[in-house]
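J.: Sharing a structure here in structure tokens format.
Taken together, the values in this text are just the output of simple stated rules run on the coordinates, not laboratory data. Note that the structure is a prediction, hence the values are computed from the model and not measured. Here the Cβ is made from the backbone with ideal geometry for all residues, glycine too, and neighbour counts use every protein chain on show.
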């Protein structure tokens, strides 16, 4: 009589960890297939210069040939631009003026949140790669200025239905945004002293998927979680060594509660 083969718990754990590592290694490629880049909005000059890089988590990147980030020790994080958010298709189709006023207030608060998370992430960087300056005039060493614009945040499904805009499932231009759980930004990195743009970035990302999702209780859903991820990734890119890769986490997690 043959007995069933039993794998020790440690072996199972090792197999699971190896599988997870393999998935993470290809996470940037997975994202490239799962999330389409957002249309160019104009915050980046000559966006056609940008391209996808397997070693970076953002979908569109351009770095000036010969640029060396190692020559800079200070960083200014500019206030986050929100003008492109005001042009979102679903927002202009909303019929409630009072509700739109609330959304504009939320957008301003999200911009402050994104800015503050970036500053916090760099200040808490254990490598202290950049000294973050509150006042650009205070710089004593070569400094960079990070300029970002929020260009898209998908509304949650309940909000679209509350606005009576989503319509029956499968119809209406809003349905492309339903449950996408996405946010997008465009960004520029500028030499503070010369004003020259030395790098540009653009990314559209989506939030983790879990069985229980309380983030849809607000119209901006999981946007803050995506911003937290972007802030961490900017710090990782700042610390990136030649030959290293900064990858996106797999956009799916299992959360039983």
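J.: Arrange the following residues from fewest to most other Cβ atoms within 10 Å of their Cβ: 200, 218, 247.
T.: On the way: 200 24, 218 15, 247 19.
Arranged by neighbour count, lowest to highest, 200, 218, 247 become 218, 247, 200.
J.: Which length gain, in nm to one decimal place, applies between residue 87 and residue 194 when the Cα-Cα distance is subtracted from 0.36 nm times their residue separation?
T.: That works out to 35.4 nm of additional length.
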